[in-house]
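Readers should treat all values here as calculations from the given coordinates under stated rules, not as data from a laboratory. The model shown is predicted, which means the values in this text are computed figures rather than measured ones. Backbone-built Cβ (ideal geometry, glycine too); neighbour counts: all protein chains shown.
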RNA sequence: UGGGUUAUGGUGUAAAGGUAGCACAACAGAUUUUGAUUCUGUUUGUCUAGGUUCGAAUCCUAGUAACCCAACCA
């Protein structure tokens with residue numbers, strides 16, 4: 001953290017603006033549309049906008065871009081606010097584009113008075129037809145040269161609800177032959193007799209994005225209005241409107257949206273996953289939504305650190321999912337409490353251990369001693385992981401096999417003597433001898449083993465449902481593949497294990513993160529009840545053996 | 001056949017004419033009562049072709065490729 005980090009291009013611009021005295025402090029905004037849940041892409045924008053004002057002084061507004069009443073809802077407003085707070089950011093003002101509808105209407109009238117806007121009676125098909133194409137210029141609308149008085153009158157009557165939806169629009173009068181399609185008389189207002197989540201039925205005309213966003217920035221005196229690359233062509237219009245309206249000159253800057261491998265990140269596609277039942281909801285732990293990731297067990301610190309590491313630039317990108325996993329593990333390794341859980345159990349019986357005897361061992365809760373220790377009970381019959389035993393030891397196999405020795409974590413070293421198998425060839429029991437002098441903490445045997453495995457005492461174990469999540473898609477970029485992106489969904493993205501867990505996990509709390517030794521990081525799910533605990537696997541541990549096997 | 005934006009290892013991101021760096025990933029090794037963590041090391045890169053310069057990722061010229069723009073969405 002002490003080493004100097006190079007600046008991204010936005011920080012360069014801001015430092016220059018501050019140095020030259022263009023601004024004394026900066027103001028940014030996070031402008032979500034309240035029509036869906038926030039996802040990892042929004043997290044990048046949140047970290048950027050809030051991070052910049054945190055670093056350089058100033059503040060960030062939360063502004064809901066609620067100019068389209070038919071898709072928006074207060075339900076989303078609440079979830080968005082909750083997600084931002086969970087990430088640990090605090091906005092200065094909670095604002096809504098709809099707060100400015102009166103001012104925006106005045107702005108539109110001003111434009112008409114300047115003869116820079118007109119009411120168009122064309123249908124949407126006619127408008128599209130006259131718009132031209134990127135390679136061909138458009139043609140003027142027959143309504144383009146209406147008088148100022150007539151435009152004023154018609155626009156007011158649009159506001160008063162005299163016309164049907166779609167029958168008229170207000171358009172800026174710029175240049176139908178402009179090489180930038182957005183400058184070919186862009187639509188400013190459209191008629192929608194729709195109930196708005198905040199303004200109710202007061203309005204039946206609503207401003208378009210281009211006539212709301214920049215103007216809202218200006219009203220709030222946003223110094224740096226940061227958005228994604230697809231808005232680059234809008235900047236010309238953004239500046240044009242500010243200039244003609246003679247209002248505070250906010251400036252728009254664009255960065256490339258962040259993509260992540262093995263997932264999709266558009267609201268539309270995420271909505272399909274929900275609606276088609278591929279996931280159980282917006283907060284399904286497999287979803288790249290903030291609420292899904294929170295439920296999965298991601299920490300705010302890991303997400304913020306990730307956003308920090310991937311940086312900001314203007315080129316197309318797809319960040320390795322493994323970097324996100326790295327950030328997650330890095331945080332969780334330091335904070336997660338250790339515990340033992342056996343996900344795919346097989347019985348281990350210690351032949352020379354006294355029937356009915358119980359011992360209690362101490363085991364560390366984590367790498368940091370301040371996390372303390374906990375008691376784990378031990379007895380003659382244990383559950384161990386099925387995959388920790390091999391009938392015939394492979395090369396470099398450190399775990400249990402006939403004749404092989406392993407340490408039972410925090411307990412004794414055992415040697416495998418024999419095993420039982422059913423008619424299907426499944427191992428049903430493993431018989432071992434333990435060495436009393438190898439007791440953890442007071443081992444003076446001098447015996448060395450290569451492997452240590454986790455276990456749970458059969459008579460003390462509790463049951464738990466463990467949900468093992470994996471990536472949602474089988475391919476790096478599902479949207480780029482042939483056919484529908486949903487064809488590439490990973491059918492094994494969720495597997496349910498009926499696990500045995502150690503007794504200390506009875507006290508698990510929903511805010512605590514756990515490392516099930518050698519298996520990964522887990523957290524309690526909201527579906528959990530005291531009678532039926534449910535854990536989510538947040539992420540696996542790195543697994544050198546799995547890699548060895550692949551070779 | 002228009003306009004705009006972008007090209008640096010497998011991935012992401014630095015280097016404002018002067019040693020192509022950092023992180024993830026991959027690979028090799030050390031340590032380890034988690035095959036985890038930690039530590040050490042290694043491999044891999046300036047879109048192409050010319051030019052300017054003592055010296056070019058950076059400047060110039062000409063190409064090439066990718067992405068965005070023809071919603072009464074944002």
field: Structure-based [θ]222 nm, chain A - -39500 (n - 2.57) summed over DSSP H runs of at least 4, per residue, nearest 500
entry: -8000 deg cm²/dmol
query: What is the spin-label model distance, in nm, from residue A:450 to residue A:229 if the labels are put 7 Å beyond Cα along the C-beta direction?
result: 4.9 nm
field: Residues residue A:323 and residue A:357, FRET efficiency given R0 of 60 Å [Cβ-Cβ distance, rounded to 0.05]
entry: 0.80
query: Angle between the Cα long axis of helix A:9-19 and the longest principal axis of chain A, 0 to 90 degrees, nearest 10?
result: 60 degrees
- prompt: So what's the angle, to the nearest 10 degrees on a 0 to 90 scale, between helix A:40-56 and the longest Cα principal axis of chain A?
  reply: 80 degrees
- prompt: What ranking do A:472-479, A:8-15 get when scored by the average of other Cβ atoms within 10 Å per residue, highest first?
  reply: A:472-479, A:8-15
- prompt: To the nearest 0.05, what FRET efficiency results for residue A:123 and residue A:459 with a Förster distance of 60 Å applied to their C-beta separation?
  reply: 0.20
query: Rg/Rh for the stretch A:83-178: what does it come to with C-alpha atoms and Rh from Kirkwood?
result: 1.14
message: Please compute the volume of the convex hull spanned by the alpha-carbon atoms of the stretch A:347-454 and report it per residue in Å³.
response: 115 Å³
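Can you give the convex hull volume per residue for the Cα atoms of chain A, as a whole number of Å³?
Details: hull volume 107.8 nm³, N = 551.
Normalising the Cα hull of chain A by residue number yields 196 Å³.
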task: Take peptides A:512-518, A:427-433 and line them up by average Cβ neighbours within 10 Å, highest first, as a rough protection proxy.
output: A:512-518, A:427-433
- prompt: In nm, to one decimal, how far is the residue A:12 label point from the residue A:167 one, both placed 7 Å along Cα→Cβ?
  reply: 5.4 nm
query: Taking the highest mean first, how do the peptides A:190-200, A:218-228 order by number of other beta carbon atoms within 10 angstrom per residue?
result: A:218-228, A:190-200
query: What list of whole percents do you get for P(r) of the stretch A:9-255, with Cα-Cα distances grouped in 10 Å bins up to the one holding the largest distance?
result: 7, 29, 34, 22, 8, 0
query: If R0 is 22 Å, what FRET efficiency do you get for residue A:5 and residue A:479 from their C-beta distance, rounded to 0.05?
result: 0.10
field: Tilt relative to chain A, helix A:101-113 - C-alpha long axis, 0 to 90 degrees, to 10
entry: 40 degrees
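Assuming 0.36 nm per residue, please report the length gained on full extension of the stretch residue A:543 to residue A:145 beyond their Cα-Cα distance.
Using 0.36 nm per residue and subtracting the Cα-Cα distance, I get 136.2 nm.
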message: Run the simple label-point estimate for residue A:396 and residue A:470 please: 7 Å along Cα→C-beta, distance reported in nm.
response: 2.1 nm
Gain on full stretching of the segment that runs from residue A:92 to residue A:74 - 0.36 nm per residue minus C-alpha separation: 4.5 nm
